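Let me begin by presenting the structure, written as C-alpha cells, before commenting on it.
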Amino acid sequence: MKNLIKEVAISLRISLVSTLLLAIILCGIYPLFVWVLAQGLFPARANGSLVVHKGQVVGSGLLSQGFADSKYFHPRPSAAGSGYNAASSGGSNLGSISKRLVETVKQRVSDYRTDNDLTPDSRVPADAVTTSASGLDPHISVENAMLQARRVSKARGLSEDVVLRKIEAHTESRTFGILGEPRVNVLMLNLDLDGRL
C-alpha cells in the first residue's frame with residue numbers, strides 16, 4: 001500500500017509539472033514568439049490592416065463597412081448585423097432551399113436593379129445579393145463594381161471614365177495568380193473617391 005501511494009504521488013507530480021510546463025510554453029512563450037515575429041515582419045497586417053487618414057483610423061482593409069449613400073460603392077450584404085458588426089461575424093446558415101433566403105435574395109436583386117438603374121432582366125452578380133461566409137467580406141467582384149459605376153459617377157458628378165479608372169486602380173488580382181477571382185476592395189475605392197488615400 002505504501003508503494004502504491006508513493007507511485008500515485010510521483011505520477012501526480014509528473015502530471016502537474018507537465019501541465020504547468022505546457023501551459024507556460026503554449027500559453028506564454030509561443031504566443032509571445034508569434035507576436036514578436038508578426039510585429040517585426042509585417043506590423044501593419046498583424047495589427048489589423050488599419051487604414052489611417054489624418055491620424056484617425058477610418059477602417060480596416062480586411063473588414064467590410066456599410067456604405068448606403070448613392071455616391072459610394074456598396075459592399076456585399078452583411079450577415080453580421082445591420083451595421084456590419086465584426087463582433088457578430090458569421091454566416092446566416094440558410095440553405096439553398098430556404099424560403100427566407102430565396103425571398104431575401106429576390107428582394108436584394110430587385111433593390112440592386114433599382115438602385116443602379118438596371119433593366120428588370122439585367123444579370124445581377126451573386127456577390128451583390130448574397131452574404132459571404134463571415135458576413136464581412138471587404139471585396140466585391142469587378143462586375144459588381146462596374147454595374148455600380150454609373151450610379152456613383154452620376155451621384156458624384158464625375159465622368160464614368162474617372163470612376164472606371166478608380167475601379168481599375170483598386171482591382172486586386174487572383175491570390176498567387178491562381179486562387180479566387182479579381183476583386184475590388186470597397187473601402188479603399190470609396191476612400192480614394194473621397195480623396196482620403
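The values are calculated or read from the model by the stated rules, or taken from the named source; none is laboratory data. Because the structure is a prediction, the values reported are computed rather than measured. Please note: Cβ atoms are built from the backbone with ideal geometry, for glycine as well, and neighbour counts cover all protein chains shown.
Give the residue, chosen from V34, V57, V17, V8, that is closer than 22 Å to H170 by Cβ and among the β-branched types (V, I, T). So that I can check it myself, show each step before the final result.
Details: V34 fails: closer than 22 Å to H170 by Cβ; V17 fails: closer than 22 Å to H170 by Cβ; V8 fails: closer than 22 Å to H170 by Cβ.
Just a single option satisfies the conditions, and that option is V57.
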Quiz prompt | Hits in the stretch 163-195 (condition: on the phi < 0 side of the Ramachandran plot and exposed (fewer than 14 other Cβ atoms within 10 Å of the Cβ)) | solution = R165, E168, A169, S173, R174, T175, I178, L179, E181, P182, D194
Quiz item: Residues in the stretch 106-119: is at least one within 18 Å of the chain's Cα centre (by Cα), surrounded by 12 or more Cβ atoms within 10 Å (Cβ to Cβ) and assigned by TED's automatic domain parsing to the domain that holds S89?
Solution: no
Practice problem: Please give the number of the condition W35 fails out of (1) exposed (fewer than 14 other Cβ atoms within 10 Å of the Cβ); (2) in contact with a strand residue (DSSP E or B) (Cβ under 9 Å, 6 or more places away or on another chain). | Solution: (2)
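In the stretch 151-197, which residues are part of a loop (DSSP other than H, G, I, E, B) and over 21 Å from P125 (Cβ atoms)?
G157, L158, S159, F176, G177, I178, D194, G195, R196, L197
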Quiz item: Taking S134 and the conditions (1) polar (S, T, N, Q); (2) in a helix (DSSP H, G or I); (3) touching a residue at least 24 places away in the same chain (Cβ under 8 Å), which numbered condition does it fall short on, given that it satisfies the others?
Solution: (2)
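Are any residues in the stretch 105-125 among the polar types (S, T, N, Q) and in a helix (DSSP H, G or I), and if so, which ones? Steps first, please.
Step one: list which residues in the stretch 105-125 are among the polar types (S, T, N, Q), which gives 107, 110, 114, 116, 119, 122.
Passing the criteria: Q107, S110, T114.
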Quiz item: Where residues in the stretch 55-66 are more than 10 Å from P138 (Cβ to Cβ) and either among the β-branched types (V, I, T) or in contact (Cβ under 8 Å) with a residue 40 or more places away in the chain (or both), which of them is surrounded by the fewest Cβ atoms within 10 Å (Cβ to Cβ)?
Solution: V57
Practice problem: Find all pairs meeting these conditions: Cβ atoms under 6 angstrom apart; at least six residues apart or on different chains; first residue within the stretch 119-130 and over 14 Å from V105 (Cβ atoms) and of a type in the set (S, T, N, Q); second residue outside any loop (DSSP other than H, G, I, E, B) and modelled with pLDDT of 90 or more. | Solution: S122/R113
Quiz item: Residues in the stretch 52-78 that are in contact with a strand residue (DSSP E or B) (Cβ under 9 Å, 6 or more places away or on another chain) and among the charged types (D, E, K, R): how many?
Solution: 1
